[in-house]
Amino acid sequence: MWFEALAHPPSRTIDLFEDGDGGINGAVFLAVDDDHAIIIGDTADGQNSEGWGMTFPLDGTSADIHYLEDIRLFGNAALLHGGKAVATFTQSAGVSVRTVAGALIDALPDEVEGQCLAGFGDVLLAGGGGDGALWIWALDTRQLLATVQTSPWKQQIVGIAWHPSGDWLVTTSQGDGVRLWSVAKLQATPHGAMVTPVSAYATDDNRMYYEPAFSSDGALVAVGCGNGDVLVFDFAPDQLRPRHRLSSGEDEVMTAAFHPTGRELVTGSRGRISVWDTITGALVTTREPADPDPRHEDEDFPPTQIAGIRFARGGALLVVARSSTVELWDLGSDSTPGR
């Protein structure tokens with residue numbers, strides 16, 4: 001059973017502070033492909049509203065970290081072109097696609113913001129703005145395929161995810177909850193016009209809904225919440241149907257990832273890694289954080305806080321980004337479900 005590996009220390013740990021410059025004050029986002037990772041976080045001194053990004057190969061060490069400056073804090077990023085390029089949103093350059101070394105590949109129009117970004121292969125890039133705007137950019141033709149307004153209250157879009165088919169998007173926000181969008185409908189909507197989702201889920205307690213995650217077959221969607229719940233939905237065209245409301249017992253759950261089989265869901269909170277059975281909703285196992293690094297103490301970003309959890313290499317690798325370290329578990333080649 002792959003999750004038995006969590007009973008042991010990580011196979012490797014990359015120390016984000018080993019370079020001596022303080023690294024980042026608190027990681028808030030992680031993205032991976034099979035060979036690379038990118039982390040977004042606060043600045044080392046925490047004195048301004050901008051952030052840092054760092055990219056590194058998953059088989060590398062701290063010496064392989066490449067820093068990206070001026071990242072918009074609390075934004076996220078998308079890895080493109082096999083990890084050779086990254087889309088980011090910065091205060092100075094807006095949304096752009098650059099090589100990991102910083103060379104500009106493409107600059108998107110000034111009208112779009114990228115508080116959250118998600119790539120679909122190397123073909124499409126979707127983004128959500130702080131004012132509720134949602135857009136789709138064609139990477140090959142450099143065209144804005146859609147730009148619409150999703151919220152009458154202009155609620156910031158917090159997270160965005162592509163369905164594996166590329167035909168649907170799921171977004172999350174604090175005021176508007178979890179919403180499903182038809183890509184075809186978005187492209188058919190006049191530029192800047194208001195559009196309604198094809199399906200939506202929200203509660204009346206104004207909770208925060210963090211980044212969504214699809215299972216690899218697109219059948220399930222998971223969203224962590226600011227009250228510690230984890231919501232699991234069944235996906236069907238034009239509909240999100242609630243399956244489970246999982247209670248983590250934590251203050252908030254910021255990240256979730258499905259095992260490639262779809263049988264288990266892994267979530268991360270202020271420190272705990274939890275594994276859930278997606279069929280029954282039962283808690284399978286947990287891993288509590290190790291002792292925090294004394295070099296990194298921050299009330300807003302505790303050193304054990306989990307910024308992101310992702311599977312890579314077909315489920316053979318689990319990547320967990322905390323505020324001060326990246327933990328990697330080699331899970332082996334057997335990606336069959338545990339039960």
Pair list, Cβ < 7 Å and 6+ apart or interchain, from segment 318-336 residues that are modelled with pLDDT of 90 or more to residues that are acidic (Asp, Glu): 320/327
Residues of segment 52-72 satisfying the condition of being at pLDDT 75 or above and part of a loop (DSSP other than H, G, I, E, B): 58, 59
Candidates 187, 239, filtered to the one that is surrounded by fewer than 16 Cβ atoms within 10 Å (Cβ to Cβ) and touching a Leu at 6+ places or on another chain (Cβ under 6 Å): 187
Residue check for residue 11: modelled with pLDDT of 85 or more and under 29 Å from residue 173 (Cβ atoms): no
Residue list for segment 193-223, filter: open to solvent by 50 Å² or more (accessible area, probe 1.4 Å) and either assigned to a helix (DSSP H, G or I) or under 14 Å from residue 151 (Cβ atoms) (or both): 194, 196, 200, 202, 206
Residue that is nearest to residue 36 (Cα to Cα) [pool: residues in segment 89-118 that are under 19 Å from the mean Cα position of the chain (by Cα) and polar (S, T, N, Q)]: 96
Members of segment 249-263 found to be touching a Lys or Arg at 6+ places or on another chain (Cβ under 9 Å), modelled with pLDDT of 95 or more and part of a strand (DSSP E or B), listed by number: 257
Residue list for segment 134-144, restricted to those being under 15 Å from residue 117 (Cβ atoms) and of a type outside the set (Phe, Trp, Tyr): 134, 136, 138, 139, 144
Of residues in segment 264-281 being more than 21 Å from residue 216 (Cβ to Cβ) and of a type outside the set (Lys, Arg), the one modelled with the lowest pLDDT: 271
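The values are calculated or read from the model by the stated rules, or taken from the named source; none is laboratory data. From a predicted model like this one, the values you see are computed outputs, not experimental measurements. Heads up, the Cβs are rebuilt from the backbone with ideal geometry, glycines too, and the neighbour counts pull from every protein chain shown. Each accessible area value is taken on the protein alone, full model and side chains, heavy atoms only, with ligands, DNA and RNA left out. Shrake-Rupley method; radii C 1.70, N 1.55, O 1.52, S 1.80 Å.
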